[in-house]
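Q: Dropping the structure in here first, questions after.
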Protein chains: 2
Amino acid sequence: MKPKTILLDHGSGGKASRRLTEELILPAFHNPVLARLGDGAVIEAPPGGRLAFSTDTFVVDPIFFPGGDIGDLAVNGTVNDLAMCGARPLGLSVALILEEGFPVADLERILGSMKRAAARAGVPVITGDTKVVPRGAVDKIFINTSGIGTVPEGLCLGPECVRPGDRVILSGNLGDHGVAVLSVREGIAFASEIRSDTVALNGMVERMLAEGPGVRMLRDPTRGGVGTVLNEVALQAGVGVRIRERDLPVNPAVAGACDLLGTDPIYVANEGKLVAFVAPESAERVLRALRSHEHGRNAVLVGEVEAENAGRVFMQTRIGGTRIVDMLTGEQLPRIC
Amino acid sequence: MKPKTILLDHGSGGKASRRLTEELILPAFHNPVLARLGDGAVIEAPPGGRLAFSTDTFVVDPIFFPGGDIGDLAVNGTVNDLAMCGARPLGLSVALILEEGFPVADLERILGSMKRAAARAGVPVITGDTKVVPRGAVDKIFINTSGIGTVPEGLCLGPECVRPGDRVILSGNLGDHGVAVLSVREGIAFASEIRSDTVALNGMVERMLAEGPGVRMLRDPTRGGVGTVLNEVALQAGVGVRIRERDLPVNPAVAGACDLLGTDPIYVANEGKLVAFVAPESAERVLRALRSHEHGRNAVLVGEVEAENAGRVFMQTRIGGTRIVDMLTGEQLPRIC
């Protein structure tokens, strides 16, 4: 008989662990590599090229929120980290940490989201791990996903490729994910429901890169938002970045919620957006490629890279002034992803 | 000024996160791939062969124990999972989950262990992630490590390679890790200190495989111990396994502690041992190779694979009887790794 809650025994490595794996986890991610249940997965390496490798742990609270849950967030998050390296994902690992007493129905729901997210992204889950810890040692469920992918020959993305004059493109609206999570956590109801934007971006990135050269760097603005990503790139590339407030796309409901919460959408986490640094002559083409994809319909040019003010980000405000967009200080939104 | 404890802000993705990464984490694992701090690591793929990919989360309690801590355990554990696939590790990811208020001195100590363990194993940490959760949402520190490696052309290890007549070889004493952890947790003092056997086995596996063919399958008996591993292999390979109790090497102090704790060393976790299934004609050679390595000095032949009793493990007891070694039922040792 299937238990209703997770027991410590499900993490023992013995019979109950095996049943949990075979009855819940394997059916969600079924594929021949995972089904071997070895100490690790072994797959054919695509010939040539380079490997991308990424890891992320998801501790979001609450675990279910409008537009997603910790499961699809964990799949999409690592797929996106690989995509930002320009990589085609080859496979994911899923490592679950479960609290004793966690409802099996919730685990099934989360595994179902992960299954659908992995299928949509076209990335198999090929290895995994499950730990169960006593009540109180973890809050419900944390998920680590890691991923491997291949980077096509000749593709170079990174801060060392960014040049003064490059255009800064944002693939869509700011802050949906962070506000969706906060609205549930803080018990704030908005007139229109704000949904997380969690989605896998590998397909959109492939289309953008297939259209031709000129993309110099990609980042997904998750924790810390677009403001943090721009600051990191400015520091790493040794350039200045200048953006225009009026061009930053924000859903009005999200803007209103941020006002209410005393936060700025530029620092709020996104889970289905990217920031692209693009050679000036390629900017229009990249924008068109992004807008032709369902996840990039609202893509906009938001700014430029400049040689001056290395390591700093400036914003031209709506009223015509200029302000520094600093790196976030102080914990603004804990457990947002 | 460096804070004495981890603050929520260290997980925000902003300035404090960056300082924590730059001042504590990068120095521990310094290498040019990690220092890029991209969304993932990108490395050259070795030409040909296959890729191995593995993940494991470490939730051990206590985090410091005789012979090691959660840090070296996390490095060695994933290196060993790769080694059991026959892979040469290429790189590790390190994903930390920290509880708000965790002492920075403890984190430094753990990162130091990880650094030394990674150096000893010869495997760089090339990507990572750090999350901080509020007090009570996680017990002190959990660590996920994932790893990638290359499997040499032509090498085939796995349950499908195991044949009746194969010999079962154990690389050393049973149960040291589990008893070392339990002794601290339960506050039991033994006459002689029992130390965890946590160690990376990739060097020993390379030597064993370099000596010639005949190794059919490797597993490291961690959670659930040797008893669980043998049962899993018997099930996956569709064979019976017969071992001899008198040949199982157990440190007398560990045997005594297991008596006291009401547990059986065959089910107790090891973190620096392997079980090898080897063609009969290669068994002596493999044993010699293992014994020539510092981590395999006590390697012994403990049993054979048979065609009968598929899926079952039998033990010839010291007094001449035969008993079934069943898969573990019931959570014997939570948070052992």
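The values are calculated or read from the model by the stated rules, or taken from the named source; none is laboratory data. Model, not experiment: these values are computed from the prediction. Glycine gets a Cβ as well: all are built from the backbone with ideal geometry, and neighbour counts include every protein chain shown. Surface areas here come from the heavy atoms of the whole protein model, side chains and all, with no ligands, DNA or RNA. Shrake-Rupley method; radii C 1.70, N 1.55, O 1.52, S 1.80 Å.
Q: Would you check which residues across region A:6-22 are open to solvent by 50 Å² or more (accessible area, probe 1.4 Å) and within 15 Å of A:Ile110 (Cβ to Cβ) and list them?
A: Of everything in region A:6-22, nothing turns out to be open to solvent by 50 Å² or more (accessible area, probe 1.4 Å) and within 15 Å of A:Ile110 (Cβ to Cβ).
Q: Right, here's the next one. Hand me the list of strands (runs of 3 or more DSSP E) wholly inside region A:290-337 holding 2 or more residues that are within 19 Å of A:Pro265 (Cα to Cα) and free of Cβ contacts under 8 Å to residues at least 24 places away in the same chain.
A: A:322-324
Q: Further question: Within region A:168-204, how many residues are out of contact with any Lys or Arg (no Cβ under 9 Å at 6 or more places or on another chain), over 15 Å from A:Leu333 (Cβ atoms) and hydrophobic (A, V, I, L, M, F, W, C)?
A: Number satisfying all stated conditions: 5.
Q: Another question, then. Here are some residues: A:Gly149, A:Gly136, A:Gly165, A:Gly86. Which one is more than 9 Å from chain B (Cβ to nearest Cβ) and either in contact (Cβ under 8 Å) with a residue 24 or more places away in the chain or open to solvent by 10 Å² or more (accessible area, probe 1.4 Å) (or both)?
A: After applying the criteria, what remains is A:Gly165.
Q: Filtering region B:51-67 down to residues that are of a type in the set (Gly, Ala, Ser) and buried (at least 24 other Cβ atoms within 10 Å of the Cβ), which residue is farthest from the other protein chains (Cβ to nearest Cβ)?
A: Taking the candidates together, the pick is B:Ala52.
Q: State whether one or more residues within region A:195-210 are outside any strand (DSSP E or B), buried (at least 16 other Cβ atoms within 10 Å of the Cβ) and at positive phi.
A: No, region A:195-210 has no match at all.
Q: Oh, and also: Checking A:Pro3 against (1) at pLDDT 90 or above; (2) open to solvent by 30 Å² or more (accessible area, probe 1.4 Å): exactly one of these is not met. Which one?
A: (1)
Q: Looking at region B:211-250, which of its residues are more than 20 Å from the chain's Cα centre (by Cα), of a type in the set (Asp, Glu) and assigned to a helix (DSSP H, G or I)?
A: B:Glu245, B:Asp247
Q: Turning to a different aspect of this structure: Tell me which residues, restricted to region A:221-254, are within 16 Å of A:Asp176 (Cβ to Cβ), open to solvent by 10 Å² or more (accessible area, probe 1.4 Å) and either in contact with a Ser or Thr (Cβ under 7 Å, 6 or more places away or on another chain) or touching a residue at least 40 places away in the same chain (Cβ under 8 Å) (or both).
A: Within region A:221-254, A:Thr222, A:Arg223, A:Leu248, A:Pro249, A:Val250, A:Asn251, A:Ala253 meet the criteria.
Q: Report, by residue number, each residue of region A:256-267 that is over 13 Å from A:Phe314 (Cα atoms), under 21 Å from the mean Cα position of the chain (by Cα) and open to solvent by less than 40 Å² (accessible area, probe 1.4 Å).
A: Hits for region A:256-267 are A:Cys258, A:Thr263, A:Pro265, A:Tyr267.
Q: Taking B:Ala253 and the conditions (1) hydrophobic (A, V, I, L, M, F, W, C); (2) under 30 Å from A:Glu100 (Cα atoms); (3) touching an Asp or Glu at 6+ places or on another chain (Cβ under 9 Å), which numbered condition does it fall short on, given that it satisfies the others?
A: (2)
Q: I'd like the residue in region B:288-337 that is within 30 Å of A:Val133 (Cβ to Cβ) and modelled with pLDDT of 95 or more and, out of all such residues, is surrounded by the fewest Cβ atoms within 10 Å (Cβ to Cβ).
A: B:His295
Q: Within region A:97-125, work out how many residues are open to solvent by less than 10 Å² (accessible area, probe 1.4 Å), more than 18 Å from the chain's Cα centre (by Cα) and within 11 Å of chain B (Cβ to nearest Cβ).
A: 2
Q: Next question, about the same structure. Working carefully through the options A:Phe53, A:Phe65, A:Phe29, A:Phe58, find the one that is within 28 Å of the chain's Cα centre (by Cα), of a type in the set (Phe, Trp, Tyr) and more than 21 Å from A:Glu108 (Cβ to Cβ).
A: Of A:Phe53, A:Phe65, A:Phe29, A:Phe58, the one residue that is within 28 Å of the chain's Cα centre (by Cα), of a type in the set (Phe, Trp, Tyr) and more than 21 Å from A:Glu108 (Cβ to Cβ) is A:Phe53.
Q: When region B:214-224 is examined, which residues are found to be within 8 Å of chain A (Cβ to nearest Cβ) and closer than 15 Å to B:Asp264 by Cα?
A: Of everything in region B:214-224, those that are within 8 Å of chain A (Cβ to nearest Cβ) and closer than 15 Å to B:Asp264 by Cα turn out to be B:Thr222, B:Arg223, B:Gly224.
Q: Could you list, ordered by first residue, the pairs with Cβ atoms under 8 Å in which the first is in region B:56-73 and closer than 9 Å to B:His177 by Cβ and the second is assigned to a strand (DSSP E or B), at least 6 apart or interchain?
A: As it stands, the answer is B:Leu73/B:Phe58, since those pairs meet every condition given.
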